[in-house]
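Each remark here refers to the structure printed beneath this line.
The values are calculated or read from the model by the stated rules, or taken from the named source; none is laboratory data. Owing to the predicted nature of the structure, the values given are computational and were not obtained by experimental measurement. Note: ideal-geometry Cβ built from the backbone for every residue, glycine included; neighbour counts use all protein chains shown.
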């Protein structure tokens, strides 16, 4: 049964990462307030807990009053809101920087004991990618308002609803090739979304995570962009050419597809810029113990343990073809 005295607010609780944080907090007995823009579409969160334990509420990081209402009475606040590409008023600055600052201010004013902020490996104020710059500014604003906040920087996050493996598997259905942007040499350390959710919950409840510290979250393997595309083709049972595309050509293609909706664009210019730098846990984080292992995740899941199961639906003969005699 949920403890009536413990309340956690999770901004972005219905999102890809947020729903796993909600689940992990519910397992720990917390009542969870999932602060989302469309609570009417977040009802699927409620079966993750007992009756009344999880309840979606309306909040938008662009509006301070909605944030204040969402954090009222919360012991823990976790900000898992992030976007991969801007849409209308949902810009990188509005969400990653200004929104993060508003959440931190509200959490402090509400007397929350703990604040966890989800950022990203690669957050850097000097990055050529606006995504990375606004993430870094969001971290800075969060710690300025709430100095004891715990910052989590995951590498690329994978799981059944991810926007990486699913996107390229869908592309392989219709395209004769997949683009090896920059020659496919960029390195990643993919981390399972369930592990990120568990780490965020552990940091939130105070079981793990030092206040005012930035942690870098990566999985057990460092893989190149080429490795990830090859794995995508293997798991979806597709044979496609891996075509090297220089960064300049990828940026040009991304610019030409700018008018298309984000859901069908291969990649944005900003995402190409992000690919120009490796996305792995730093040596500094490893040497100082600021990794996922310090956040109650002893054995993070590997790509080949999770991804084949949800890419099976992209196979040419259907999801269950191999079960047939």
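Just checking, does the stretch 50-68 include any residue being closer than 29 Å to residue 270 by Cβ and in contact (Cβ under 8 Å) with a residue 60 or more places away in the chain?
no
Considering only residues that are exposed (fewer than 15 other Cβ atoms within 10 Å of the Cβ) and part of a helix (DSSP H, G or I), look in the stretch 271-289 and name the one that is farthest from the chain's Cα centre (by Cα).
287
State yes or no: is residue 239 surrounded by 15 or more Cβ atoms within 10 Å (Cβ to Cβ), over 13 Å from residue 181 (Cα atoms) and free of Cβ contacts under 8 Å to residues at least 60 places away in the same chain?
no
Restricting to the stretch 244-260, name every residue that is exposed (fewer than 12 other Cβ atoms within 10 Å of the Cβ) and at pLDDT below 90.
Listed by number, the residues that qualify are 255, 256, 258, 259, 260.
Working only within the stretch 185-209, note down all residues that are part of a strand (DSSP E or B) and under 16 Å from the mean Cα position of the chain (by Cα).
Hits for the stretch 185-209 are 188, 191, 192.
In the stretch 7-17, what residues are within 15 Å of residue 193 (Cβ to Cβ) and buried (at least 21 other Cβ atoms within 10 Å of the Cβ)?
Those that are within 15 Å of residue 193 (Cβ to Cβ) and buried (at least 21 other Cβ atoms within 10 Å of the Cβ): 10, 12, 13, 14, 15, 17.
Could you identify the single residue in 318, 263, 212 that is modelled with pLDDT of 95 or more, assigned to a loop (DSSP other than H, G, I, E, B) and exposed (fewer than 14 other Cβ atoms within 10 Å of the Cβ)?
Exactly one residue qualifies, and that residue is 212.
Of these, 233, 242, which one is assigned to a helix (DSSP H, G or I), farther than 27 Å from residue 88 by Cβ and touching a helix residue (DSSP H, G or I) at 6+ places or on another chain (Cβ under 8 Å)?
233
Considering only residues that are in contact with a helix residue (DSSP H, G or I) (Cβ under 6 Å, 6 or more places away or on another chain) and closer than 16 Å to residue 242 by Cβ, look in the stretch 181-209 and name the one that is surrounded by the most Cβ atoms within 10 Å (Cβ to Cβ).
That would be 181.
With the checklist (1) under 16 Å from the mean Cα position of the chain (by Cα); (2) closer than 19 Å to residue 137 by Cβ in hand, flag the one item residue 94 doesn't pass.
So residue 94 meets the others, but not (1).
In the stretch 275-282, is there at least one residue being touching a residue at least 12 places away in the same chain (Cβ under 8 Å) and out of contact with any strand residue (DSSP E or B) (no Cβ under 8 Å at 6 or more places or on another chain)?
Yes; the residues of the stretch 275-282 include at least one that is touching a residue at least 12 places away in the same chain (Cβ under 8 Å) and out of contact with any strand residue (DSSP E or B) (no Cβ under 8 Å at 6 or more places or on another chain).
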